[in-house]
Amino acid sequence: MTKTTKVTATGAPKRGARKTERKSANRRQQKRTPAATGSPANAVASSVAVPIRQSKKAAILGLLERPNGAAISDLTAATGWQVHSVRAALTGLRKEGKELVRAKDAAGVTHYRLAAGA
């Protein structure tokens, strides 16, 4: 196979021509891989159960279901989010119809938990 390079009217290679050629060559190689062809070997590999990563929302709900609930610091540590993002997630849960109870412990730290009926 011979390589062709796009050229301008002056005969100089066009800008980005090589990059375009590399992209199309990569696409051709990806199409030839066994994973893309749907070979029987893939059918065996796909039947194996792959654990699904737990979502951050599910992690928040898990912490809120505890008897004492969770403080904002617990939720930020579990999700890696900033405080305002955790509070926005709590607002989203309220909008979904979940009832959240807010209580302060002896040290003055606010804990959030799901109401018993939610």
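We did not get these values from a lab; they are worked out from the coordinates using the rules stated. Computed from a prediction, not measured in an experiment: that's the story for all the values here. Quick reminder, even Gly has a Cβ in these numbers, built from the backbone with ideal geometry, and neighbours come from all protein chains shown.
Restricting attention to region 78-118, and to residues there that are among the β-branched types (Val, Ile, Thr) and touching a Lys or Arg at 6+ places or on another chain (Cβ under 7 Å), which single residue is nearest to Gln54 (Cα to Cα)?
Thr79
When region 60-118 is examined, which residues are found to be crowded, with 16+ Cβ neighbours inside 10 Å and among the charged types (D, E, K, R)?
If the condition is that a residue be crowded, with 16+ Cβ neighbours inside 10 Å and among the charged types (D, E, K, R), then Asp74, Arg113 are the ones that fit.
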